[in-house]
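Here is the structure we will look at.
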Amino acid sequence: MAGEAQALMPVEQALEALLRQAQAAPITGVETISIEEAAGRILSEPLRATLDLPPWPNSAMDGYAVCTADLEGQPLSVCQKIFAGTQPKPLEAGRCARIFTGAPMPEGADSVEMQENVELLDDGRVRFIEPIRAGQHVRPQGGEARAGDEVLAAGVRLGPIELGLAASLGAAQLRVSRKIRVALLSTGDELVDPGESLRPGQIYNSNRVLLRHWLHRLGCEVIDAGIVRDDAEQVRQCLAGLADVDLILSTGGVSVGEADFLGQVLREEGELTLWKLAIKPGKPLTCGSYRGVAVIGLPGNPASTLVTFGLLARPYLLRRMGVTEVTPLSIQVPAGFSWTKPGKRREYLRARLESGRAVLYANQSSSILRSAAWADGLVEVREHSQLSEGDLVSFISFTELLG
């Protein structure tokens with residue numbers, strides 16, 4: 001057992017190797033799509049501003065636009081009202097303009113005073129109560145971006161905020177990397193699709209549903225290769241029939257010994273680059289290639305599938321799509337548990353946050369997917385570590401991993 005433990009690859013080393021492989025095989029195809037279709041896609045080239053943003057100086061407040069040089073303590077009469085979406089007239093000397101948030105500044109005005117700081121006189125004139133400085137409450141032209149500025153870098157994953165920014169520049173179409181094509185297969189005599197009748201010894205295939213939806217959320221094109229029985233020849237035939245894909249992603253059939261059909265086929269007809277990791281759950285992860293196509297074989301237990309896909313396969317996919325920062329964000333939170341038995345593998349425990357502390361699901365078995373449905377994310381426990389309640393631990397939220 002000691003020799004086996006020493007042979008396990010550390011998580012960081014495995015991730016580093018996967019990212020190197022991803023970097024060496026980037027998705028090079030590019031397509032132009034509408035901004036309405038671009039959620040979750042990867043920007044293939046920098047997005048540059050085609051105009052100043054904002055395109056003209058505008059008011060940051062509801063109030064009164066003035067020229068500060070005209071303010072000598074005397075009330076000013078109002079010469080016009082300026083609403084957002086209208087073109088103002090030049091400001092008349094010695095007068096002010098009623099202006100609303102987002103409205104263009106009139107020529108000749110250099111400041112805005114908020115309406116709360118003025119006194120309206122009976123004759124309609126306005127008295128300014130507080131001192132006013134030039135530029136006050138004015139959003140300058142180009143204050144957010146100048147025409148030609150790079151506002152989004154290539155490799156950015158387009159979410160609601162990025163798409164909103166693109167829309168503010170008038171971008172109706174965006175250049176994005178083509179979707180990475182992932183062939184998804186499950187191996188196991190025991191697996192049955194939901195909706196079918198269970199026979200003795202069979203279980204429903206949850207991993208394929210979990211991964212298919214997760215892959216779609218990452219912007220992948222999924223080719224469903226179905227369920228492959230525990231037979232090396234069937235695995236070989238299935239792999240050989242997968243054409244024009246960028247990655248073969250499987251679950252099950254990667255354990256040590258007689259059931260290691262995927263590893264067996266890769267050794268015979270491809271390349272095996274990673275095998276057995278110092279991670280729990282998820283030790284029997286297999287990575288390699290089959291006839292030039294990358295292969296990632298995830299463990300069959302649902303929690304193992306979730307952990308290894310989230311921490312290893314997800315970053316690999318994002319890096320191949322051109323994303324620079326692929327490591328999920330973790331935060332430090334106090335442990336709401338103690339950990340007295342240090343292990344030889346890095347452990348990722350399903351946990352939820354209660355009153356700011358990470359509390360563990362009672363059953364951390366790799367076969368229990370319900371633990372993840374109950375949890376908010378994963379707590380990382382380092383190798384050879386002991387923890388007391390209140391010690392800080394790294395917590396990765398499922399919101400971060402799934403998005």
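The values are calculated or read from the model by the stated rules, or taken from the named source; none is laboratory data. For clarity, every value in this text was computed on a predicted model and none was experimentally measured. Methodologically, a virtual Cβ is constructed for each residue, glycine included, from the backbone with ideal geometry; neighbour enumeration extends over all protein chains shown. Protein only, heavy atoms only, side chains kept; ligands, DNA and RNA dropped before computing areas. Shrake-Rupley method; radii C 1.70, N 1.55, O 1.52, S 1.80 Å.
Couple of notes before you dig in:
- Available extension along the chain between Ser34 and Ala172 is 49.1 nm, counting 0.36 nm per residue and deducting the alpha carbon span.
- Across the stretch 97-110, computed HN-Hα scalar couplings (Karplus, 6.51 cos²θ - 1.76 cosθ + 1.60, θ = phi - 60°) run 10, 5, 9, 10, 3, x, 6, x, 6, x, 4, x, 9, 10 Hz from first to last residue, x flagging Gly and Pro.
- Accessible area per residue in Å² at 1.4 Å probe, computed on the stretch 301-370: 43 Å²
- Rounded FRET efficiency, nearest 0.05, which uses the C-beta distance separating Arg212 from Glu150 and R0 of 35 Å: 0.50
- Sequence ranges 237-244, 222-229, 104-111, ranked by mean other-Cβ count within 10 angstrom, highest first: 104-111, 222-229, 237-244
- Over the stretch 58-139, Cα pairs under 8 Å with separation of 6+ residues give a relative contact order of 40 percent.
- Farthest towards the positive end of the charge dipole of the stretch 330-402, among the residues Ala372, Gln332, Ser355, is the Cα of Ala372, using unit charges on the Cβ of Lys, Arg, Asp and Glu.
- Antiparallel beta bridges, as assigned by DSSP with both residues in the chain, represent about 65 percent of the total such bridges.
- The residues of the stretch 58-139 expose, per residue, 53 Å² of accessible area to a 1.4 Å probe.
- Loop sites in the stretch 204-279: GluC sites (Glu not before Pro), DSSP, at most 10 other Cβ within 10 Å: Glu258
- The stretch 59-110: trypsin sites (Lys or Arg not before Pro) in DSSP coil with no more than 15 other Cβ atoms inside 10 Å: none
- 3J(HN,Hα) along the stretch 389-403, derived from phi through the Karplus expression 6.51 cos²θ - 1.76 cosθ + 1.60 where θ = phi - 60°, amounts to 3, x, 5, 6, 10, 7, 10, 10, 6, 5, 4, 5, 6, 7, x Hz, with x in place of Gly and Pro.
- Full-extension gain in nm, Trp56 to Glu221, via 0.36 nm per residue minus C-alpha separation: 55.2 nm
- Kirkwood estimate for the stretch 204-250, i.e. one over the average of 1/r between Cα atoms, Å: 11.8 Å
- Among Leu318, Leu387, Leu184: highest mean-square fluctuation, GNM of the chain, C-alpha pairs under 10 Å: Leu387
- Exceeding the 19 Å Cα-Cα cut-off - candidates Lys179/Lys283; Lys276/Lys344; Lys276/Lys341; Lys179/Lys276: Lys179/Lys283; Lys276/Lys341; Lys179/Lys276
- Taking θ as phi - 60° and the Karplus parameters 6.51, -1.76 and 1.60, the scalar couplings of the stretch 362-368 work out to 5, 10, 9, 4, 5, 8, 9 Hz in sequence order, x denoting glycine and proline.
- For the chain: relative contact order, % (alpha-carbon pairs under 8 angstrom, 6 or more apart): 16 percent
- Low-density loop cleavage sites - GluC sites (Glu not before Pro) in the stretch 296-403, where at most 13 other Cβ are within 10 Å (DSSP): Glu325, Glu389
- Shown here are the Rg and Dmax of the Cα trace of the stretch 330-402, at 11.3, 30 Å.
- Per-pair calculated FRET efficiency, R0 = 25 Å: Leu329 and Gln364 via Cβ, rounded to 0.05: 0.65
- Amide hydrogen neighbours beyond the local backbone of Lys276, cut-off 5 Å, H modeled: Leu285
- Ala103 long-range amide H proximity, modeled H, under 5 Å: Ser59, Ala84
- Per the Debye calculation on the stretch 278-403 with a single equal scatterer at every Cα and no solvent contribution, log₁₀ I(q)/I(0) for q = 0.11 Å⁻¹ amounts to -0.39.
- Calculated FRET value between Glu268 and Glu16, using beta carbons and R₀ = 30 Å, to 0.05: 0.65
- Over all pairs of different C-alpha atoms in the stretch 58-139, the reciprocal of the mean inverse distance, the Kirkwood hydrodynamic radius, equals 12.1 Å.
- The stretch 39-180: proportion of alpha-carbon pairs further apart than 19 angstrom, %: 57 percent
- The portion of the accessible surface of the chain made up by carbon and sulfur, rounded to a whole percent, is 50 (1.4 Å probe; DNA, RNA and ligands excluded).
- Amide hydrogen neighbours beyond the local backbone of Ala171, cut-off 5 Å, H modeled: none
- The chain, dipole about Cα centre (Lys/Arg Cβ +1, Asp/Glu Cβ -1), debye to the nearest 20: 800 debye
- Percentage relative contact order, the stretch 239-353, counting C-alpha pairs under 8 Å, at least six apart: 24 percent
- Full extension of the chain between Ala25 and Asp391 gives 127.7 nm of extra length, using 0.36 nm per residue less the Cα-Cα distance.
- Residues considered: Gly188, Gly143, Gly322. Largest GNM mean-square fluctuation over the chain, using C-alpha springs under 10 Å, is found at Gly143.
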